Structure formats: structure tokens, C-alpha cells
């Protein structure tokens, strides 16, 4: 083989070819591939993170539900207790009221009885006085009785 | 060309087919067919590469980008195995060599008479369609790689260090003259063997195709197709070997002195 222009022509072609492939294919494409693998790695990491978050959220969810359940049962318990108390209290108040009412009515009754008794006494007294007056009016003797009345007045 | 059946004059047929289309003489002798086909192939590859490079899809690649990405990955794995430190040139270099050599070799699979006959009809009487059967092509590549190796040797070891490696390797400083001759032969054998291996393989491959073409037409299909199928392997293998050896040589050249 002779050293000819063909050889140098081919060498030049080769150099240009390599340079072109490097500049327009290799570099952008390897960069894109790297970007892609980074993206995929990021995506996988994000997915894993998301999974973990879901896991955490599930745990939080269940604890919250449990909390809410226990709170609700507490509230129901409290309410039951309170209602019992209220009922008890109402019962007590009612009893008290009833006994008060009973007492006052008994008192009133007694008063009325007393008043009636009083009235009765008065009426009896009035009646007896009237009877006595009528009896006396027929039998009274001014002289005799004046003497007695005077004696009563004077004795004081 | 006015010619009887090719089998009438096998020697003339073969030598005619192996004669490149030449212009000029002496240093300015130019093998037009070699340059035309190699530049044509390079241009097609560059055009496709340019288009793919301009419309890169980072997300989900498709079509040609997929093919090229697979190739890049393949070359990059080889480079990463050979190079401890990242190297910006050897990857694209290897890829270019593989693509170019493979496609130039693949011209071998075009029936041997098709393009020369077609050229004959438009008045071009000699045509060699496989650029790698021209030693100019293979030596052009191997010499550029050789220069790159020298550049890396000097860059990494320094001029003196590079010279010293000729003297002390492989027998130590006391046998410096022998070392020098041995290392020199070793270094020169690299580009020579690189170029001659590819040239030899492709040249003989083409020669066998020509010999098969000389057989009677009713015998041609069997050996012709067998050889073509076998040649698919050969052209891929030769392109691969050329690329791997290039990566090896450059990695050896850019090693720290040992």
C-alpha cells in the first residue's frame, strides 16, 4: 500500500465522524440516559416515600379512630352517669317537694281544724251565752243581782 | 465493458472486481469508490445521529433512539470495564468505530455484481463497494488510534516517562537496547495488526463471494447464501473486535506507568 491522499482523506473522515458522533449523539444521549436513570431513581424513591407516608397515615388513622372510639365511649359513660345523677336529683327534689307539700297540707289541715275548733268553741260559747241570757232574762232580779255585781266590782 | 460470461475468464473477472476506482497517481492517487462509500455511510449515520440527537426523549425513548441507546450502553459497559477513570473520547470513538466498520463491512452483503454492474451501465468501469477491503480505510482508522495512544501516553506519563517505558520494559534497565526494540515492535504491531486483521478478513470474504459468483448459476444459491449468513457473523465480529481492541489500546496507553 502506498501512502496516498486516500489514506489522509479517510483519516480526516474518521476524525470528523468521531467528533460529530461525540458532539451530536453521544453527549446529548448519554446525558439524557443519565437524566432518565436519575428520574427513575427519584421516582422510585418518591414512590417509596409515598408508601411510607401511606403506612404512617394508616397508623395515624387507626390510632385516631381508636382515640375517637374511646372518647365516644367516655362521653357516653359520662352522659349515662350524668343522666343517672339528674334522675336521682330529680327524684330527691320531687320527694322533698312531695314531703313539703304533704307537710304544709297537714299544717293547713291542722290550722283549719283548729280554726274550726275555735269557731265551734265560739259558737258553743255564744250559744250558751244566748241560752244563758235568755234563761237569765226571765229570772233576773235586779236587787239580788245588783248586789252580786257590786260585790264583783268591789272585790277587784 | 463487453464481456462474455464471467466464468470465461475467472482471473480477469476477479482482478477486475478487486481493482478500485482510482483517480490521479502517486501521492494524489484517490480511491474514489472507497471514499465515496465510506463518506456516504458516515453521512447517513451522522444524519440519523443528528436527528436522534435533536429530538431526544428523556421519558420513553422510541425507534432509532432506542437502538442507539442500547449501543451506547453496550459500548459504555466495555469502556467502564477498561477504564478506571472516566474518559470523554473513547466512548464516542468506540461507538463510531463499531457503527462505521459494521456498516462498511455490511456493504459486503450486497450481491458482488450488483453495484459494479450498475456503475458499469453509467460508465464507471471499476467499483469496489466495500471500503474496508481497501487498506487505506483500515489503516486510516488504526493510525488515528495509534496517534491517540501516543497522545495519551505522553499526556499521562510525560514525554520522558513515555520514552523511559521503552527502555525499562519488559526486562529492566540493564537490557535497555533489547527492551527498546521489543517495545517498539510491540507498539508498532498494534496499529498494524488492527488494520490488517480487518482488511484481511473483509478482503478474503469478498474474494470468496467472487469465487462463489464464478460457479454455475444453479450452484450459486447454496454456497452463496451460506457464506452470506456466515458473513453476517464475521462483519459484526470484526467490527466488535476493532472496537474492543481500540478501547483496550487506549486504556493501556492512558494507564499510569507500571
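Only the coordinates and a few stated rules stand behind these numbers; no lab work does. Because the structure is a prediction, the values reported are computed rather than measured. Every residue, glycine among them, receives a Cβ derived from its backbone with ideal geometry; neighbour counts consider all protein chains shown.
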Inter-label distance for residue B:178 and residue B:164, nm, one decimal - labels placed 7 Å from Cα along Cα-to-Cβ: 2.2
At R0 = 30 Å, FRET efficiency that the Cβ-Cβ distance of residue A:15 and residue B:226 yields, to 0.05: 0.20
Whether chain A is rounded, prolate or oblate, judged on the alpha carbon gyration tensor where a/c under 1.5 counts as rounded: prolate
Sorted by Cβ neighbour density within 10 Å, fewest at the top, the residues B:187, B:206: B:187, B:206
Using alpha-carbon coordinates, inclination of helix A:5-21 to the longest axis of chain A, degrees: 0
FRET efficiency, residue B:215 to residue B:109 (Cβ-Cβ, R0 25 Å, nearest 0.05): 0.85
Per-residue average of Cβ from other chains inside 10 Å of B:138-148: 4
Virtual spin-label span in nm between residue A:54 and residue B:66, 7 Å along Cα→Cβ: 2.9
Solution diffusion estimate, µm²/s, Stokes-Einstein, the protein assembly as shown, Kirkwood Rh from C-alpha pairs, 37 °C, viscosity 0.692 mPa s: 105
Average partner coverage of B:83-89, which counts Cβ from other chains inside 10 Å: 1
Between 0 and 90°, nearest 10: helix B:176-213 axis offset from chain B longest Cα axis: 20
Sorted by Cβ density within 10 Å, fewest first, the residues A:11, B:202, B:248, B:107: B:248, A:11, B:107, B:202
Approximate spin-label separation residue B:185-residue A:125, in nm, with each point projected 7 Å along Cα-to-Cβ: 17.0
Shape metrics for the stretch A:1-41, restricted to C-alpha atoms - Rg then Dmax, Å: 17.0, 55
Linear extension gain, residue A:45 paired with residue A:90, 0.36 nm per residue minus alpha-carbon span: 9.7 nm
Cα-based helix-to-principal-axis angle, A:27-139 vs chain A, degrees rounded to 10: 0
Anisotropy class of the stretch B:55-151 from Cα gyration tensor, a/c 1.5 cut: oblate
Kirkwood-type radius of chain B, with distances r between different C-alpha atoms, in Å: 20.8
Cα gyration tensor shape of the stretch B:153-202, rounded if a/c is under 1.5, else prolate or oblate by comparing a/b with b/c: oblate
Exposure proxy ranking, count of Cβ atoms within 10 Å, fewest first, for B:33, B:73: B:73, B:33
